[in-house]
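Q: Please see the structure below; I have some questions.
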Amino acid sequence: MIEELKDTPNTMVGFKASGEITKEDFDKIVLPAVAELVQRTGKLNYLLELDTKLSNFTLGAWLKDAMLGLNNLTNWNRAAIVTDSEKIKTFTEVFSKIVPGEFRGFPHDELDEAIKWVGEQSGTSPKQVFQDKAKIED
């Protein structure tokens, strides 16, 4: 199940994943909140608190998660994954080097810090970061 975190800055969306995560969780909870934020701000500041194993994500949930990332490729600004898994935190930080936006992993005891970091406004627009990375590759 995915539930939206309350009491977060209006510059971000945050979610907590626990138990089994399904396609319907993304369709009903995540995607509408993300669409509203991107429409309102032009940026995607996203936090996911993982309180479940990755094996609890159904195939449909993985596909929806992948589509969320691809559909918002130029909108990503900041994303945090809150987990005590060192592998997931490391993957998140490596992922940040190859896609637009900033991605960081945080341990569970730093949830408040993760929310603060994601909710802060960064000075560079996500589209500008994407364009800058493309220029470097040319």
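Q: Less than 18 Å apart at the alpha-carbon level, and either on another chain or at least 8 residues along: which aspartates and glutamates does that give for Lys6?
A: By straight Cα distance, Lys6 reaches Asp25, Glu36, Glu49, Asp51, Asp109, Glu110, Asp112, Glu113, Glu120.
Q: Let me ask you something else. Looking at this model, which pairs from Lys16/Lys64; Lys23/Lys116; Lys43/Lys97; Lys16/Lys97 are more than 23 angstrom apart at the alpha-carbon?
A: Working: Lys16/Lys64 16 Å; Lys23/Lys116 28 Å; Lys43/Lys97 18 Å; Lys16/Lys97 25 Å.
As for pairs spanning more than 23 Å Cα to Cα, those are Lys23/Lys116; Lys16/Lys97.
Q: Right, here's the next one. What angle, in degrees between 0 and 90 and rounded to the nearest 10, separates the Cα long axis of helix 86-95 from the longest principal axis of the Cα atoms of the chain?
A: Once rounded, the angle reads 30 degrees.
Q: Compare the Cα positions of Gly19, Ala61, Gln39 along the charge dipole of the chain (+1 at Cβ of Lys, Arg; -1 at Cβ of Asp, Glu; about the Cα centre) and return the one farthest towards the positive end.
A: Result: Gln39.
Q: Please say if the range 2-137 is rounded, prolate or oblate, where rounded means a/c under 1.5 for a ≥ b ≥ c the square roots of the C-alpha gyration tensor eigenvalues, and otherwise the choice is prolate for a/b larger than b/c and oblate otherwise?
A: Here the range 2-137 falls in the rounded category.
Q: Now for a separate question. Rounded to the nearest 5, what % of the DSSP beta bridges within the chain are antiparallel ones?
A: About 15 percent, rounded to the nearest 5.
Taken together, the values in this text are just the output of simple stated rules run on the coordinates, not laboratory data. Because the structure is a prediction, the values reported are computed rather than measured. Positions of Cβ are generated from backbone atoms using ideal geometry, with glycine treated the same way; all protein chains shown enter the neighbour counts.
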